[in-house]
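The values are calculated or read from the model by the stated rules, or taken from the named source; none is laboratory data. Everything numeric in this text was worked out from a predicted model, so none of it was measured. Using ideal geometry, Cβ is built from the backbone for each residue, glycine included, and neighbour counts are taken over all protein chains shown.
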Amino acid sequence: MLTIERLTRRFGDFVAVDSVDLEIPTGQMVGVIGRSGAGKSTLLRMIDRLVEPSEGRIVYESREITALKGASLRHWRRDCAMVFQQFALVDRLDVLTNVMMGRLDHMPEWRSLLKLWTADDKAIALSALELFDIANLAANRAGSLSGGQQQRVAIARALVQEPRVILADEPIASLDPRNTKVVMDALLRVNRDFGITVLTNLHSIDLAKRYCDRLIGMKAGKIVFDGAPRGLTDAVVTDLYGLEAADVIEIPAAGDPTPDEIRAAWDAERAREPV
Amino acid sequence: MSVLVQMSGGPDGPMSTTRKVRSALGPWARENRRELEKRHPAVFAGSPTNRAITVAVVLGLFGLLVFALWRLDFSFARIGAGIGQLAHFLTLMVPPSSGTWARFWLFLHSLGETVAISLLGTFTAAVLAFPFGFLAAKNVMTQRVLHFFTRRGLDTIRGVDTLIWALIWINVVGLGPFAGILAIMSSDFGSFGKLFSEAVEAVDGKPVEGVASTGGSQLARIRFGILPQVLPVFAGQVLYYFESNTRSATIIGIVGAGGIGMYLTEAIRTLEWQQVSLLVLMILVTVAVIDQISSRIRFAVIGERRIET
């Protein structure tokens, strides 16, 4: 159980996350939605302590996360993996070494700095890579891979940490539709096969509804929706996204103009000849 | 091996589904290690040979060091004996003093001259080397012959040390700070050309492609695609050389090309140890001040970029 109490983060006068209370039971797949700037990323980064909270606390199974320092903070980061929008891989290192980064807090430091991976660690890394069908790329440089492959490497790195929680910050925002499905399937698999709690920020309401057990809607740093995906009505989406609602979900209405009409109106307004 | 996971739903009440999930990744992978080794022999076998090579190279280098020390008559005994002498000199150096106030003002004036020599020499060299940094970079200069001659030309200039340049310029323009400026300018021109070109070769190609895609000319690509990327690196290098040259300008002074070095040699030659320590302290303070100023300038150019911990 991950418990968040009155968690707040200010950047100067701007309140990014405003007194958020949240309880996430183990094994849930949770999607965090809301327009950009709603505080989704800051919330996730605070849970991994990449951003320091201004107020409030985070507790994971009686461990006070907000009070951790030094080695115990590193242990928490091992238990709580992070997947980034821009992958955050080391481009110049090969895939296997990148995945091995997930084992860093499992081995003595001298061993990792000399790259003396044990056979067991290699087996764990390879089994994670096999899980996502990219074991054949183990010797390739991470920078030479496609976006979808890189994000799968990043999820493999998260998985070999043997974490209890995986945080994914817009994991599919820089991917094409096919890779979006591959990566979301990978996250779902991590959640279903290993019982790891997954907390992910998503732009697409459609995907969030399809993949998540529970959705959390954020607006101006506050939680305004928390419930099962079927509870997310068009009215709630409109409240969450305001004028952008039409961009994130298809709400066809009878009176809506067709694309042809839109273009005609555009041209007429500017009295422009069709080119 | 498997784990039970308690599942629960949204805030409208727990769905209370207890699901059986596959075990954690670690134990499963350890159990299946044999098969993984069979499927990916290269990953498991590849490293011992590499490791042996690494160990051999490190041992070889260490052996070379030991051989070189032996061949060059390195002796701890002689260092030990000399240390006593050094301690004696140190006692002669305190307190640092210039003797008379008039001499102190003379020192201060020549220190200013040293800083001026270094400043003018370094920045002239940077301005002159700026275009050559691009000409000597492989990713900008596709014309092979010109690239080759630019690089070898810079090598040649760099191959002559600042001190030799000082002796050459003294013969051309006579004794004094002007020769010092020319000496620093000449040798640093070669160094900057090389350092700048290497910074240019390491830039990210994507922004350059972006500028090219808009129909930008070769010069526009350099101006907007490459320059913003390399400017912070250039600034750091130039400022470091300014600081380093303030130190080496003292050496230039020794051969008569102006600055504080002249007084330093004179004091050492006449065994005025209190003056020596004062001069060294003055140089140290100047270098520290330059370092402070240059790090301010560097961060202003780079912009505040912090690595989050």
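The lone criterion from (1) surrounded by 24 or more Cβ atoms within 10 Å (Cβ to Cβ); (2) without any contact (Cβ under 8 Å) to a residue 12 or more places away in the chain left unmet by A:Asp185 is number (1).
The rows are residues; the columns are (1) outside any helix (DSSP H, G or I); (2) over 25 Å from A:Arg6 (Cα atoms).
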residue	(1), (2)
A:Arg49	yes, no
A:Trp76	no, no
A:Ala88	yes, yes
A:Thr97	no, yes
A:Leu116	yes, yes
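Going by what's in this entry, would B:Thr124 be described as under 27 Å from the mean Cα position of the chain (by Cα), of a type in the set (S, T, N, Q) and surrounded by 15 or more Cβ atoms within 10 Å (Cβ to Cβ)? Considered against the rule, which asks whether it is under 27 Å from the mean Cα position of the chain (by Cα), of a type in the set (S, T, N, Q) and surrounded by 15 or more Cβ atoms within 10 Å (Cβ to Cβ), B:Thr124 comes out as yes. Kindly provide the set of residues from segment A:222-235 that are farther than 25 Å from A:Phe14 by Cβ and either within 13 Å of chain B (Cβ to nearest Cβ) or of a type in the set (Val, Ile, Thr) (or both), ordered by number. Within segment A:222-235, A:Gly227, A:Ala228, A:Pro229, A:Arg230, A:Gly231, A:Leu232, A:Thr233 meet the criteria.
Does B:Leu108 fit the bill of being surrounded by 12 or more Cβ atoms within 10 Å (Cβ to Cβ), touching a residue at least 24 places away in the same chain (Cβ under 8 Å) and of a type in the set (A, V, I, L, M, F, W, C)?
yes
Could you please find all residues in segment B:32-56 being modelled with pLDDT of 75 or more, surrounded by 11 or more Cβ atoms within 10 Å (Cβ to Cβ) and within 8 Å of another protein chain (Cβ to nearest Cβ)?
Result: B:Asn32, B:Arg33, B:Leu36, B:Glu37, B:Arg39, B:His40, B:Val43, B:Phe44, B:Arg51.
Of all residues in segment B:230-247, which are surrounded by 21 or more Cβ atoms within 10 Å (Cβ to Cβ) and hydroxyl-bearing (Ser, Thr, Tyr)? B:Tyr241, B:Thr246, listed by residue number. All conditions in (1) modelled with pLDDT of 90 or more; (2) within 19 Å of A:Ala38 (Cβ to Cβ) hold for A:Thr197, with the sole exception of (2). The residues of segment A:20-47 that are out of contact with any helix residue (DSSP H, G or I) (no Cβ under 7 Å at 6 or more places or on another chain) and in a loop (DSSP other than H, G, I, E, B), listed by number, are A:Pro25, A:Thr26, A:Gly27, A:Gln28, A:Ser36, A:Gly37, A:Ala38, A:Gly39. Can you tell me which residue is modelled with the highest pLDDT among those in segment B:20-31 that are within 7 Å of chain A (Cβ to nearest Cβ) and not in a helix (DSSP H, G or I)? Ranking the qualifying residues of segment B:20-31, first place goes to B:Ala24. Could you tell me whether any residue of segment A:122-133 is within 13 Å of B:Glu37 (Cβ to Cβ) and surrounded by fewer than 20 Cβ atoms within 10 Å (Cβ to Cβ)? Yes, that holds for at least one residue. Return the residues of segment A:138-161 that are crowded, with 21+ Cβ neighbours inside 10 Å, over 16 Å from B:Lys38 (Cα atoms) and within 13 Å of another protein chain (Cβ to nearest Cβ); say none if nothing qualifies. Within segment A:138-161, A:Ile155, A:Ala156, A:Arg157, A:Ala158, A:Leu159, A:Val160, A:Gln161 qualify. Being over 24 Å from B:Thr49 (Cβ atoms) and more than 11 Å from chain B (Cβ to nearest Cβ): is that true of A:Ala168 here? Taking the combined requirement at face value, the residue satisfies it. Taking the conditions (1) farther than 18 Å from B:Ser186 by Cβ; (2) modelled with pLDDT under 85 in turn, B:Glu272 satisfies each one other than (2).
Selection of segment B:86-121 for residues being more than 29 Å from the chain's Cα centre (by Cα) and not hydrophobic (A, V, I, L, M, F, W, C) yields B:His88, B:Thr91, B:Pro95, B:Pro96, B:Ser97, B:Ser98, B:Gly99, B:Thr100, B:Arg103, B:His109. Taking the criterion of being surrounded by 23 or more Cβ atoms within 10 Å (Cβ to Cβ) and within 14 Å of chain B (Cβ to nearest Cβ), the residues of segment A:198-213 that qualify are A:Val198, A:Ala208, A:Cys212. The set of residues from segment A:157-211 being among the aromatic types (Phe, Trp, Tyr) and either farther than 26 Å from A:Asp234 by Cα or in a strand (DSSP E or B) (or both) comprises just one member, A:Phe194. Looking across A:Leu116, A:Leu73, one residue alone is surrounded by fewer than 22 Cβ atoms within 10 Å (Cβ to Cβ), more than 9 Å from chain B (Cβ to nearest Cβ) and either in contact (Cβ under 8 Å) with a residue 12 or more places away in the chain or touching a Phe, Trp or Tyr at 6+ places or on another chain (Cβ under 9 Å) (or both). It is A:Leu73.
Scoring B:Thr142 on the criteria (1) without any contact (Cβ under 8 Å) to a residue 40 or more places away in the chain; (2) part of a helix (DSSP H, G or I) leaves a single failure, condition (2).
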